[in-house]
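To start, the structure under review is shown below, and the notes come after it.
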Amino acid sequence: MCGIVAVIGSREAAPLLLEGLRQLEYRGYDSAGLATVEALAAGPAGSPAEGRLTCLRAEGKLINLTHRYEQHGAPGQCGIGHTRWATHGKPEERNAHPHLDGSGRLAVVQNGIIENFRTLREELQAEGVVFRSDTDTEVIPHLVARQLERIQQGRPASGALLLEAVQQVLPLLHGAYALAVVWAALPGALVVARKAAPLLIGLGEGEFLCASDTPALAGFTRTILPLEDGEVALLTPLGIELYNAAGERQQRTPSLLSGTEHVADKRSFRHFMLKEIHEQPETAALWVARHLPEGGTAGGQAGASLVALPLDEGVYEGVERIQILACGTSRHAAQVGAYLLEQLAGIPTSVFYASEFRYAPPPLSAHTLTIGVTQSGETADTLAALAMEQERRSLVADPAFAPRLLGITNRPESSLGRLVPHILDIGAGIEVGVAATKTFLGQLLAFYGLALAFAERRGGGATGHGPEQLRRLVAALRALPEQLKALVEDHDRRCAELAHLFADTQDVIFLGRGINYPIALEGALKLKEISYIHAEGYPAGEMKHGPIALLDARVPVVSIAVPGLVFDKVLSNAQEAKARDAQLIGVAPEGPDTELFDTLLPVPEVDELISPLLTVIPMQLLSYHIAAHRGLDVDQPRNLAKSVTVE
Ligand code: G6P
């Protein structure tokens, strides 16, 4: 988490840094800070000018830092900035980045975690260094300053010297990080580095802007150079010197940022989250247009098949098992995906919390496809779990165990895109609200596509889903954009009217079964994330084994009940809750069966396998309106960040 920016060129750095940070605020907003270096006077011929470093930091959101900048200024054409999601040390100003060395002449911003910081800190303290923060990052400026002192030996300050010092410090740092360093002695250079955390350089006209993510670069340039793992770069207005971890000079051609999807605009909506909920019919329409070819026939040859996904045929061949690694909302999409892959395509599929998988992976299975799901493509737990799987499988000689990795993401240009050989891009456009909505729908659709593609290739024999049923499902998917449009508009109004009922609510139970159980989990997660109400998602049949003890008239129960395999069972489970005086909210089709609900959030009757794509809408809008009614910061909920780049 956290976002970093760094800029060098001929324009004032601070406004560029603040704008970059504004675009990265989704990564954390506990505090923000910047440091600039201003050239004071030209040095003697051949030597760089001496400079002065200004460091501004403020607790809380970026606006506080902006006010500080307006009061104090921060001159200079070279600088670094940071927006923080607290890991080590409370979200107070003294823990805000940039962190300085003892002389106050060297400043560092960092995104990641330096896992061995305690040892390094003790070592530095034993040498007399005084620490001013509780952060892991503060060891870095002290280490670089110590190294500079050791190697300078009368040499004039130069970019090469700073680079050398940073290169010598990096091997001491364990963990994952992206960092940027400026030095008061160098108004015309800065150094950046990354290891297992993202960092991209944007190339402008005689200026460079580095950032943790593309939205911060989109308004500056379309030409980017993503740093590879372990790389270090020295930036001056004249160019970039790039080195790998072994210190060898690297040459790479920059790439182009595509489309306008990286520009975030709230339009007339009150919050990004609401805008993004309303964009879902478009997300679905785009997906249908891209992946459900007109005239496709089940079992057809490539080009005439029901689903067209941009994946090599080799991805499907001989797959006997699938394992899916994900976190948070992406994990809920994965659970729907697993249901589809098993029930539609007949492939045994397991879903893992990425953070658990890494330290307790299941025994290796043969012919296994591993899918990483992450909307941001930067979630450290997911990336680390995928890298671990890649590595342990690469060590096995038997080709049956060879790694086969596929990523599902909204950011194909992300670290995930560079880690795995195959990517399904959900193409939902940038999502700013921290609570994922349209990217969740996009992930679900990716799984529908994948499960249909597998089912089609397997002829449906294992599950009884023959070509006719696959065709029916595809037809239902084609109808989805229109249904979503009506549903979003209808439930926006209904949920806004309902929200006041939850003014004093402290607990909510979400129930679902089968393919809608993950939607109950997602409903509960959305509510927790943005309204801070305790919520639990439960498989409806399990409620009687514990959670039913929580129920009384003060605990609303949201029950997803759609016609299909478990309809009657879910209705019975809802009756059990009603018998305990719970206020029942049904996400279900209108009809005599669903009259038991105190409040109905109606969804159209569709094939049960398709239903999660619709039942999720009232979940999102209910959470949104409850949080908005409570006057909470829907787009930037407390303690969260959109992209969690620490393990
Ligand atoms: C964070 C966000 C969640 C998100 C999760 C996984 O915790 O707050 O909303 O679901 O990360 O993110 P990913 O980018 O991997 O989908």
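Take the solvent-accessible surface of the protein heavy atoms, probe 1.4 Å, and return the percent of it on the range 3-255 that carbon and sulfur atoms account for.
Values: 4790 of 9550 Å².
Heavy-atom surface of the range 3-255 belonging to carbon and sulfur, 1.4 Å probe: 50 percent.
Taking 27 Å as the cut-off for C-alpha to C-alpha distance, list the pairs among K544/K642; K195/K266; K195/K275; K275/K528 that go past it.
On the way: K544/K642 35 Å; K195/K266 33 Å; K195/K275 35 Å; K275/K528 20 Å.
Check vs 27 Å cut-off fails for K544/K642; K195/K266; K195/K275.
Which listed residue (G433, G459, S305) has the Cα farthest towards the positive end of the charge dipole for the range 266-478, taking +1 on Lys and Arg C-beta and -1 on Asp and Glu C-beta about the Cα centre?
G433
With the full set of protein chains in place, find how many percent of the accessible area of the range 484-647 is carbon and sulfur; take the probe as 1.4 Å.
Details: 2950 of 6150 Å².
Looking at the range 484-647 in its full context, I get 48 percent from C and S.
How many angstrom lie between the C-alpha centres of the range 551-566 and the range 434-459?
Between the Cα centre of the range 551-566 and that of the range 434-459, the gap is 26 Å.
I need the calculated FRET efficiency for the pair D633 and R132, taking r as the beta carbon distance and R₀ as 51 Å, to the nearest 0.05. Intermediate values should be presented prior to the final figure.
Details: r = 30 Å, r/R0 = 0.58.
So, using R0 = 51 Å, E works out to roughly 0.95.
Going by accessible area, probe 1.4 Å, with all protein chains left in place, what is the ranking of R393, R404, R150, largest first? Before the final figure, lay out the partial values.
Numbers: R393 0, R404 65, R150 125 Å².
Result of the area sort, largest leading: R150, R404, R393.
In nm, give the distance between the simple-model label positions of E92 and R580, each being 7 Å from the Cα along the Cα-to-Cβ direction.
Computed distance between label sites E92 and R580 equals 4.3 nm.
May I ask you to list the lysines whose Cα is less than 19 Å away from that of K90, ignoring any residue fewer than eight positions away on the same chain?
K61
Note the angle between two axes, namely the Cα long axis of helix 567-578 and the longest principal axis of the Cα atoms of the chain, as a number of degrees from 0 to 90, rounded to the nearest 10.
80 degrees
So how tilted is helix 328-343 from the main axis of the chain? Cα-based, degrees 0 to 90, rounded to 10.
Relative to the chain, helix 328-343 is tipped by roughly 40 degrees.
Quick one: which of 572-585, 338-351 comes out on top by average Cβ neighbours within 10 Å, and what's the full order, highest first? All intermediate terms of the calculation are to be shown ahead of the outcome.
Working: 572-585: 18.4, 338-351: 21.3.
Ranking, from highest mean packing down: 338-351, 572-585.
Give the value in nm², to one decimal: projected area of the alpha carbon convex hull of the range 3-255, averaged over all directions.
Numbers: hull surface 49.1 nm².
Reported value for the Cα convex hull: 12.3 nm².
Ratio of the range 484-647's C-alpha Rg to 2.2 N^0.38 Å, to two decimals? Can you show the working numbers first?
Values: Rg = 15.1 Å, N = 164, 2.2 N^0.38 = 15.3 Å.
Normalised by 2.2 N^0.38 Å, the Cα Rg of the range 484-647 equals 0.99.
I want the local charge near A285. Using Cβ-Cβ distances under 11 Å, sum +1 for each Lys or Arg and -1 for each Asp or Glu among the other residues. It would help to have the intermediate numbers written out before the result.
Values: positive: R290, R478, K485; negative: E279, E282, E482.
Net local charge, A285 excluded: 0.
How far, in nm, would the chain grow between E70 and Q506 when pulled straight, counting 0.36 nm per residue and subtracting the alpha carbon separation?
On the way: separation 436, 0.36 × 436 = 156.96 nm, distance 4.13 nm.
That pair, E70 and Q506, stretches by 152.8 nm at full extension.
How much mean residue ellipticity at 222 nm does the chain get from its helices, if each DSSP H run of length 4 or more adds -39500 (n - 2.57) and you divide by all residues, to the nearest 500 deg cm²/dmol?
Numbers: 17 runs with 219 residues, N = 647.
About -10500 deg cm²/dmol.
Any chance you could give the angle, 0 to 90 degrees and rounded to 10, that helix 517-531 forms with the longest Cα principal axis of the chain?
Long axis of 517-531 versus the principal axis of the chain: about 50 degrees.
Regarding the chain, what are the three Cα extents along the principal axes, ordered largest first, in Å?
87, 57, 44
Which order do W85, W287 take when ranked by solvent-accessible area (1.4 Å probe, heavy atoms of all protein chains), largest first? Let's see the in-between values first.
Working: W85 55, W287 10 Å².
My answer, sorted largest first, is W85, W287.
Quick one: Cα centre-to-centre distance for the range 301-361 and the range 492-520, in angstrom?
About 28 Å separates the Cα centre of the range 301-361 from the one of the range 492-520.
As I understand it, the dipole of the chain uses +1 on the Cβ of Lys and Arg and -1 on the Cβ of Asp and Glu, about the Cα centre. Which of A157, T221, I113 lies farthest toward its positive end?
Selected residue: A157.
If you count the DSSP beta bridges with both ends in the chain, what percent of them are antiparallel, to the nearest 5? Walk me through the numbers on the way to the answer.
On the way: 63 of 99 bridges.
Given both bridge residues lie in the chain, the antiparallel proportion sits at roughly 65 percent.
Run the accessible area of the range 266-478 with a 1.4 Å probe and give the carbon-and-sulfur part as a rounded percent.
Numbers: 4060 of 7680 Å².
It is 53 percent, rounded to a whole number.
Counting only protein chains, not ligands or nucleic acids, how are E431, E468, E149 ordered by accessible area (probe 1.4 Å), most first?
Working: E431 15, E468 100, E149 145 Å².
Final ranking, largest accessible area leading: E149, E468, E431.
Below 8 Å between Cα atoms, with a sequence gap of 6+, how large is the relative contact order for the chain in percent? Please list the in-between numbers first.
Details: 1491 pairs, mean separation 76.4, N = 647.
For the chain, the relative contact order is 12 percent.
Given the Cα-Cα distance of Q125 and E149 and 0.36 nm per residue of separation, how much length would full extension add, in nm? Before the final figure, lay out each step's value.
Values: separation 24, 0.36 × 24 = 8.64 nm, distance 1.67 nm.
Between Q125 and E149, full extension yields an extra 7.0 nm.
Label E595 and E228 with points 7 Å out from Cα along Cα→Cβ: what is the distance between them in nm?
Spacing of the two 7 Å Cα→Cβ label points: 6.9 nm.
Relative contact order of the range 266-478, please, whole-number percent, based on alpha carbon pairs below 8 angstrom and at least 6 residues apart.
27 percent
With only alpha-carbon atoms counted, please give the Rg and Dmax of the range 432-522, in Å.
Considering the range 432-522 through its Cα atoms, Rg and Dmax are 17.3, 52 Å.
Give the accessible surface of the chain per residue, rounded to a whole number of Å², with probe radius 1.4 Å and ligands, DNA and RNA excluded. Walk me through the numbers on the way to the answer.
Numbers: 24300 Å² over 647 residues.
The answer is 38 Å² per residue.
Where nothing but the Cβ of Lys and Arg (+1) and of Asp and Glu (-1) is charged, how large is the charge dipole of the chain around its Cα centre, in debye to the nearest 20?
Numbers: 55 positive and 75 negative charges, 142 e Å.
The dipole of the chain has a size of about 680 debye.
Which whole number in µm²/s is D for the range 266-478 by Stokes-Einstein, with the Kirkwood Rh taken over Cα pairs at 10 °C and 1.306 mPa s? Could you put the intermediate results ahead of the total?
Details: Rh = 17.5 Å.
My calculation gives 91 µm²/s for D.
What aspartates and glutamates does K569 reach when the alpha-carbon gap must be under 16 Å and sequence neighbours fewer than 8 apart in one chain are set aside?
Cα-Cα hits under 16 Å: E542, D593, E595, E608.
Length gain on complete extension for the stretch S103 to K569, per 0.36 nm per residue less the alpha carbon to alpha carbon distance?
Values: separation 466, 0.36 × 466 = 167.76 nm, distance 6.92 nm.
160.8 nm is the gain from fully extending S103 to K569.
The values are calculated or read from the model by the stated rules, or taken from the named source; none is laboratory data. Computed from a prediction, not measured in an experiment: that's the story for all the values here. Here Cβ is always computed from backbone atoms with ideal geometry, including for glycine, and neighbour counts include all displayed protein chains. Just so you know, the surface numbers come from the protein's heavy atoms only, side chains and all, with ligands and any DNA or RNA stripped out. Shrake-Rupley method; radii C 1.70, N 1.55, O 1.52, S 1.80 Å.
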